[in-house]
Amino acid sequence: MSKEHKSSHKLNLEIIEISVLLIGILLVYLTSLYDYLLFHSIAEIFSIVIAGGVFLVGWNSRKYMKNSFFSILGVSSLFIGIIDVIHTLAYPGLPIFEDWGTNLATSLWIAARYLQAGSCVFASLMIKRSVKSIFLPIFYLIISIILIVLIFTNSFPICYIDGIGLTSFKIVSEYVINFILLTCLLIIIKNRVDFDKKVFYLIITSIIATMIAELAFTFYFGAYEFPNFIGHIFKIIAFFLLYKAIIQIGIEEPFDLLFRKIKRSELELRNIIKHSGAGITMIDKKGTYLLVNKKAAEELGGNPEDFIGKTLHDVFPEKIANEFLISNRESINNGTSRAYQRTFDLHAGRKTYWIVEQPIEDVDAKYSALLSVATDITEKIKSESLLQEAELRYRTTFEQFPDGIVILDPETFRAVEFNDVVCNILGYSRDEFQKLQINDYDMTENTEETKAHVEKLLREGRDDFETKFRRKNGEIIDVFVTAKVIKLSGRIFFQSTFRDITERKKAEEKIRNLSKFPSENPNPVLRINNKLVIYTNKMGRELFNIEEGSPTPKILKDSINRVLSKKVNIDLEVNLNGRTYTLVVTPVKNVDYVNIYGLDITERKRAEERLSQLISTVSHELRTPITVLLMSMEYLTKHKDVLNEDLEEKLMDGISKNIHLLNDLAEDILTISRIDENRLELEWKEYKPLEIINEILYLMEPIGQEKNIDFEVNVDDNILLRGDPKRIDQVFRIIIDNTIKYSEEYSKVKIKSIDNYQGKYNLNGKSGVLLQFKDSGRGISKEDLPHIFERFFRSSNVIEIAGTGLGLAIAKDIIDAHKGSIIVESELGKGTTFHLFLPY
């Protein structure tokens, strides 16, 4: 069944259900004309039955839920239904509680509604939390018994006086209940992302209907009057919506609602384990391997499948295996985790690891296995291994970009370097592609076009265009190319990134054929001849400031005339109101007008610009340290006869510094990539800034002592903030590292805090803390200061000091993610002060 047919089918069912509800309300209304008591009983029984259904769904779904929202609604509905049953039996006219008068039924009503409103707020507060389900029935049983006893012992406030009507307590209670329901409504709206969209709207509407019903119950004098009737009608509507939200959707679509996040989390966990840089294993009490990831298998000398099912005695010598078996059983039996450092002689050589072990629970909540994460922390690595690791990092960064990257020799137009994405897109092996010229796969290129592209590149430094590539199997694909001029070892090369846009072109083709519901299209749709506008939708009206009958916009005239004269489609890119649109101008057969279909491509253009800029900068930044490493290694290899101890030490020191620079650059680039792709996830926790600062100063103490730098810390230990402590640690570490690197010997660095700061460095006026890091170092010039947070920017007076130029850019992005601000003040030769404002 197609999606359109399913959507139509669901719409028809919705119409039928609404029709049944309206007919039901009409029939219930007719029963009120015959006998109001019958009407009341039907209305209450309807809500009681639904309350029982809500209980069954909420109670039976508790084991699948991470929060207690539906469990609380379910359990509370059972006891609300019980009180409503007694209320129905106590209603005036039924021969059950004849001597009690109207007050009994009214008091039971108010008690049930207080319980309903309070449970609604309680449930909404538990959207992101959970309580033990076993306590809920006990809690509500106690509350219900207390309410019923208070009412039947006349200890509950009087709600109705026969002959007079509603008491002040009853009327005020209805307004208090509405206020409680309004609070619940606002909390649910705030947490709407945790609900299925349909369930969210149904619950919200149900609460509003309940509030209207409560208002109606403040206006009646007698139990059979019209406001009482209206209140029960809206109660029927409210419980019908609750039935739709919880019972019907809970039965028809339970797994879509419950397991959507579980499946995503499981997939993310599998990918993390598979691609983790640490060795991860899971072993049961008998010492049998249940899980071995790729990294662990490599260290042990095989593939993951080689170890699954094997025991510790199959992998390690007997003494080590027995030792591990005893300690593992102890950790599993006691349910205790541990972390330790150990050195092994493995297939990969002698290495030292930091090992973290955590017992894992089975489905019965019993510890049955031990998960181990082993991180290689070996410090003594030969210079050749360091060089290979640096090259691997560069290659990984190059290969992991989602688009094809080719560096072309402008003399031969052959690729001197390219990533595997290029081969995947075009279907060639690396050896095959390396032998090709651009004309072998770019089917639209000819000598004149190539010459034009080269001239534009040399003149402007960049060229963006769309073209068609021919894959090895003959398939034609559309690609978007961004070409730039780069310099490598003093020579000019052309760096091209290209993206397969075949699917996007197909989507644009659909736009050309768009004719149904153009007025509802969020993109511009127009019909224009060479004189006036025949039709425009809302977006076209706003973009071009036109109405139907307006003169043809000047920006479109030339394109329209070309289409009308040549009868061909034209793609046009325009910038309007700060946004970029691609317009497809299409002729219509046998008429003198064209159809224009637009698509907002602003975000795509920005993403392409960021990606291209990052690739170009990374290629340049990585080349310099790698070139130094290659030259140093070549000198060490070929000139051993002229080496002395001092020269060798200088070369090895240069190699070490450039290796660390490559490592820092790769880590910074990965962080920048996560920021640009909105994948920088924050783990929000409470933390103390002073604890983080003290830990950083402790770790950096040896570096500071080399320059005899004195740190003066004046940060209040009572300051408690909420954010991601690891990311805040990263920011503080970047700034403190800069103060050390750029300060003179025997200087002082001051770190202070100002609580409840509301000064000029608090840009958004929120409540929070200002942290100041002040040094008396070399400072920053006025010319460099505006660029200090730009990526890869380094001040002109610190070129001789190693650095990536990404630290402060990353720090600013992290502070922005915390809704804070970072401002720098500096005077050349006198020092620099960083002002960090962090909201509570």
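The values are calculated or read from the model by the stated rules, or taken from the named source; none is laboratory data. From a predicted model like this one, the values you see are computed outputs, not experimental measurements. Every residue, glycine among them, receives a Cβ derived from its backbone with ideal geometry; neighbour counts consider all protein chains shown. These accessible areas exclude ligands, DNA and RNA; they are computed on the full protein's heavy atoms, side chains included. Shrake-Rupley method; radii C 1.70, N 1.55, O 1.52, S 1.80 Å.
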Fill in: Distance (nanometres) between label positions extended 7 Å along Cα→Cβ at E455 and I534
3.9 nm
Worksheet item: Quick one: how many Å² of W59 are accessible to a 1.4 Å probe, rounded to 10?
Response: 60 Å²
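Calculate, for L94 and V193, the FRET efficiency according to 1/(1 + (r/R0)^6) with r their C-beta to C-beta distance and R0 35 Å; round to the nearest 0.05. Can you show the working numbers first?
On the way: r = 46 Å, r/R0 = 1.32.
With R0 = 35 Å, the Cβ-Cβ based efficiency is 0.15.
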Worksheet item: Using a simple spin-label model with points 7 Å from Cα along the Cα→Cβ vector, what separation in nm is obtained for N714 and V49?
Response: 7.5 nm
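Of the listed peptides 706-717, 140-151, what is their order by residue-averaged count of other C-beta atoms within 10 Å, with the highest listed first? The partial results should precede the final answer.
Working: 706-717: 13.5, 140-151: 16.0.
So the order, starting with the most tightly packed, is 140-151, 706-717.
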Response to the item:
Measure of exposure for L325: accessible area at 1.4 Å probe, Å² rounded to 10, is 30 Å²
Worksheet item: How would you rank 103-116, 686-699, 175-188, highest first, on the average number of other Cβ atoms within 10 Å across their residues?
Response: 103-116, 175-188, 686-699
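R0 = 56 Å: FRET efficiency of Y746 with T412, Cβ-based, nearest 0.05?
Working: r = 58 Å, r/R0 = 1.03.
Efficiency, from the Cβ-Cβ distance: 0.45.
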Practice prompt. Find how much the distance from E448 to R338 grows on full extension, using 0.36 nm per residue of separation minus their present alpha carbon separation; answer in nm with one decimal.
Written response: 32.7 nm
Worksheet item: Rounded to the nearest 10 Å², what accessible area does F139 show when all protein chains are kept and the probe is 1.4 Å?
Response: 100 Å²
Discussion item. Can you compute the FRET efficiency between S155 and F179 using 1/(1 + (r/R0)^6), with r the Cβ-Cβ distance and R0 = 22 Å? Round to the nearest 0.05.
Written reply: 0.35
Worksheet item: With each label point set 7 Å from Cα along the Cα-Cβ vector, what nm distance links S130 and E330?
Response: 3.2 nm
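Taking all protein chains as present, what is the carbon and sulfur share of the accessible area of the range 298-363, in % to the nearest whole number, probe 1.4 Å? Spell out each step's value before the answer.
Working: 1930 of 4090 Å².
It is 47 percent, rounded to a whole number.
Quick check: with the 1.4 Å probe, what order do K766, K295, K366 take by accessible area, largest first? It would help to have the intermediate numbers written out before the result.
Details: K766 85, K295 55, K366 135 Å².
Result of the area sort, largest leading: K366, K766, K295.
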Worksheet item: Across the range 670-787, how many lysine pairs, 8 or more apart or on two chains, come within less than 14 Å at their alpha-carbon atoms?
Response: 9
